[in-house]
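Only one structure is covered here, and it is reproduced in the block below.
The values are calculated or read from the model by the stated rules, or taken from the named source; none is laboratory data. As the structure is a prediction and not an experimental result, all values here were calculated from the model. Every residue, glycine as well, gets a Cβ built from its backbone with ideal geometry; the counts of neighbours run over all protein chains shown.
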């Protein structure tokens, strides 16, 4: 009975988190705090991609070659909650809002990726463009997760 109740509460909590307008589409969330709560509830790590979708050439390349690919989102979302924090020039309101998020996490350039454990603690940060293919990127984030789990 308790286990069923706990599962029900976790499901209800996840629904609340998901309904908060925090979804960017294609499995990507847009709110780090909501994603960290979801990661904790689902015992998953969180991957946050910081991007300038309409002005940063390496960001645009990474979106095209990796982040927009179903093969990437399907594989990555098995172990990670995916978050995108965009700082687009064409949307000044979103740029202003997300620039604060950039400062909060001390991200100095894009495309940057931060990985957080299900405990909400950051365990890796790197430039996304170092891994410009689905296979290379997945290999790197899964390797980082394995290293963390071994610590």
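For segment 130-151, which residues satisfy the criterion of being in a helix (DSSP H, G or I), within 15 Å of residue 72 (Cα to Cα) and in contact (Cβ under 8 Å) with a residue 40 or more places away in the chain? Answer for segment 130-151, where residues must be in a helix (DSSP H, G or I), within 15 Å of residue 72 (Cα to Cα) and in contact (Cβ under 8 Å) with a residue 40 or more places away in the chain: 134, 137, 138, 141, 142.
When residue 41 is tested against (1) under 12 Å from the mean Cα position of the chain (by Cα); (2) within 19 Å of residue 145 (Cβ to Cβ), only condition (1) is not met. Put simply, of 109, 120 the only residue that is part of a loop (DSSP other than H, G, I, E, B) and within 14 Å of the chain's Cα centre (by Cα) is 120. Candidates are the residues of segment 52-63 that are crowded, with 17+ Cβ neighbours inside 10 Å and in a loop (DSSP other than H, G, I, E, B); the one that is farthest from the chain's Cα centre (by Cα) is 56.
Taking residue 72 as the residue in question, decide whether it is closer than 18 Å to residue 141 by Cα and touching a helix residue (DSSP H, G or I) at 6+ places or on another chain (Cβ under 6 Å). Walk me through it before giving the result.
Working: closer than 18 Å to residue 141 by Cα: yes; touching a helix residue (DSSP H, G or I) at 6+ places or on another chain (Cβ under 6 Å): yes.
Yes; evaluated as a whole, the condition is true for this residue.
Checking segment 35-47 against the condition returns no match, with no residue being in a helix (DSSP H, G or I) and free of Cβ contacts under 8 Å to residues at least 12 places away in the same chain. Taken as a whole, segment 64-75 holds no residue that is at pLDDT 95 or above, assigned to a strand (DSSP E or B) and surrounded by 12 or more Cβ atoms within 10 Å (Cβ to Cβ).
Yes or no: residue 90 exposed (fewer than 12 other Cβ atoms within 10 Å of the Cβ), within 19 Å of residue 123 (Cα to Cα) and modelled with pLDDT of 95 or more? Outline the logic, then answer.
Values: exposed (fewer than 12 other Cβ atoms within 10 Å of the Cβ): yes; within 19 Å of residue 123 (Cα to Cα): no; modelled with pLDDT of 95 or more: yes.
So residue 90 fails the test.
Being under 14 Å from residue 61 (Cβ atoms) and under 16 Å from the mean Cα position of the chain (by Cα) is the filter here, so list the residues in segment 132-151 that pass it. Scanning segment 132-151 gives 134, 137.
Output the number of residues of segment 106-121 satisfying the condition of being touching a residue at least 12 places away in the same chain (Cβ under 8 Å), surrounded by fewer than 16 Cβ atoms within 10 Å (Cβ to Cβ) and more than 20 Å from residue 132 (Cα to Cα).
Initial filter on segment 106-121 (touching a residue at least 12 places away in the same chain (Cβ under 8 Å)): 107, 109-120.
Then drop every residue that is not surrounded by fewer than 16 Cβ atoms within 10 Å (Cβ to Cβ), which leaves 109, 119-120.
If we keep only those that are more than 20 Å from residue 132 (Cα to Cα) as well, we get 119-120.
Residues in segment 106-121 being touching a residue at least 12 places away in the same chain (Cβ under 8 Å), surrounded by fewer than 16 Cβ atoms within 10 Å (Cβ to Cβ) and more than 20 Å from residue 132 (Cα to Cα): 2 in total.
Residues that are assigned to a loop (DSSP other than H, G, I, E, B) and in contact (Cβ under 8 Å) with a residue 24 or more places away in the chain: does segment 91-104 have at least one?
So in segment 91-104, the residues assigned to a loop (DSSP other than H, G, I, E, B) come out as 91.
Imposing the further condition that a residue be in contact (Cβ under 8 Å) with a residue 24 or more places away in the chain reduces the set to none.
For segment 91-104, residues assigned to a loop (DSSP other than H, G, I, E, B) and in contact (Cβ under 8 Å) with a residue 24 or more places away in the chain: absent.
Of all residues in segment 76-90, those satisfying the criterion of being touching a helix residue (DSSP H, G or I) at 6+ places or on another chain (Cβ under 9 Å) and either in a helix (DSSP H, G or I) or more than 21 Å from residue 27 (Cβ to Cβ) (or both) are 76, 89.
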